[in-house]
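The numbers here are math on the coordinates, done by the rules we state, and not lab data. This structure is a prediction, so every number in the text was calculated from the model and none was measured. Glycine gets a Cβ as well: all are built from the backbone with ideal geometry, and neighbour counts include every protein chain shown.
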Amino acid sequence: MQELTRQIIKQGYFAKNNKGSDKLSTVAEVMNQIKNDKIGSIYLILGKERYCSEEIKNALLGKLSPQEKEFNSSIYDMEETPLASALNDAMSVPFFGDRRIVIVNNPYFLTGEKKKNKVEHDIDGLLKYLEYPLETTTLVFIAPYEKLDERKKVVKTLKKVADVVENQPLKEIQVRQIINQRLKKNGLSIEPKAFDTLMERTNAEISLAMNELDKLILLCKDEQVISEAEADRMISRSLEQNVFDLVSLVLSRNTQKSIEMYHDLLLSKEEPIAINAILIGQFRLLLQVSILKRHGFSQGSITTSLKIHPYRVKLALRTVQRFQQEDLKNAYLGLVKVEKRLKSTDQDSELLFQLFMLQFCQHAA
């Protein structure tokens with residue numbers, strides 16, 4: 001077990017602490033500043049929470065009248081358009097208004113990422129602009145990445161001069177608050193179990209949850225309440241969620257239902273390699289959470305260390321409380337062996353899974 005722990009740590013699942021920007025802000029703080037007309041010249045929105053970055057973008061654009069928006073706002077995708085186009089726009093004086101807003105999406109040149117169809121970007125031009133930004137322009141970089149390449153001069157400079165927005169995944173309680181606000185606005189309520197279903201099937205990720213909520217609002221607007229039955233019928237389940245249920249069956253040593261569920265996944269045209277890979281990922285996560293919990297880490301500390309959504313950690317903690325760490329280890333190692341056989345032999349995947357279950361059930365934690 002100690003060797004497995006060392007391997008997991010060695011694979012880089014524990015994040016290092018990084019110093020934040022002197023101007024680091026939360027999404028809520030920036031939204032409040034925009035509401036009170038305290039708008040900065042340069043923003044760097046860091047993180048993958050698309051819903052929140054869209055909220056900031058819309059709040060900024062909402063400060064322009066329809067006429068101003070037509071002449072004084074623009075959005076550029078750096079995977080398709082040269083940076084010079086955005087900079088030329090940013091350096092232009094606004095027409096029929098006091099402010100120009102330029103949105104720069106997917107600035108991959110701030111990361112170590114390489115693109116096949118590489119667009120030429122004027123990084124030197126950006127560095128010059130950052131030295132003397134135009135006061136009448138708000139330049140916004142929306143960077144949906146886990147991290148930037150801190151070695152690059154452009155990243156260091158941008159972080160010094162920009163209002164850096166920490167766009168991290170929202171906590172479950174925050175997601176529930178936003179959903180309740182949307183429901184209240186539409187004159188709807190939701191049954192508690194329906195709410196739980198929405199959270200579970202979207203992993204409490206706000207972007208996914210709001211997409212599913214929009215469907216439920218359209219469906220249930222006449223009834224004025226979203227029932228558990230409608231939530232269960234309308235909210236789709238991902239392969240990961242189905243596999244999470246399979247994990248519980250495996251750990252409970254329910255061989256018959258485990259094999260039946262694996263068979264159903266194959267009937268739904270899921271690839272055996274993909275199913276097994278997700279199973280391995282789930283058990284790896286459970287092992288990581290179990291190890292960190294044993295070392296005294298809190299739920300928040302585990303979330304920070306593993307850099308995953310808080311709701312996934314919550315579900316993992318709930319699972320590891322019910323099962324032994326030795327079981328998690330045996331299942332993980334057994335599935336790694338299945339993966340090797342799937343890749344190196346022509347053995348039937350269902351047979352391999354059945355053999356895995358039989359061998360796993362022989363181990364008593």
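Laid out as a table, the results:
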item: Karplus-derived HN-Hα couplings along segment 236-246 (A = 6.51, B = -1.76, C = 1.60, θ = phi - 60°), whole Hz, x at Gly and Pro; result: 6, 10, 8, 4, 4, 5, 4, 5, 4, 5, 5
item: DSSP loop chymotrypsin sites (Phe, Trp or Tyr not before Pro) with at most 11 other Cβ within 10 Å excluded, longest remaining stretch of the chain; result: 97-365
item: Under Karplus coefficients 6.51, -1.76 and 1.60, residue-wise ³J(HN,Hα) of segment 328-343 in Hz, glycine/proline x; result: 4, 5, 4, 5, 4, 5, x, 6, 4, 5, 4, 4, 4, 6, 4, 8
item: Correct option for Rg/Rh (Cα atoms, Kirkwood Rh) [calculated from the coordinates] among (i) 0.98; (ii) 1.03; (iii) 1.06; result: (ii)
item: Helical mean residue ellipticity (222 nm; -39500 (n - 2.57) per DSSP H run of 4+; nearest 500) of the chain; result: -18000 deg cm²/dmol
item: Dipole-positive endmost among Val225, Ser298, Phe71 within the chain (Cβ charges, Cα centre); result: Ser298
item: Proximal lysines relative to Lys114, as straight alpha-carbon distance under 23 Å, when same-chain residues fewer than 8 apart are discounted; result: Lys48, Lys147, Lys152, Lys153, Lys156, Lys159, Lys307
item: Beta bridges per DSSP with both ends in the chain, % antiparallel, nearest 5; result: 0 percent
item: Excluding exposed DSSP-loop trypsin sites (Lys or Arg not before Pro) (at most 11 other C-beta within 10 Å), longest clean stretch of the chain; result: 152-268
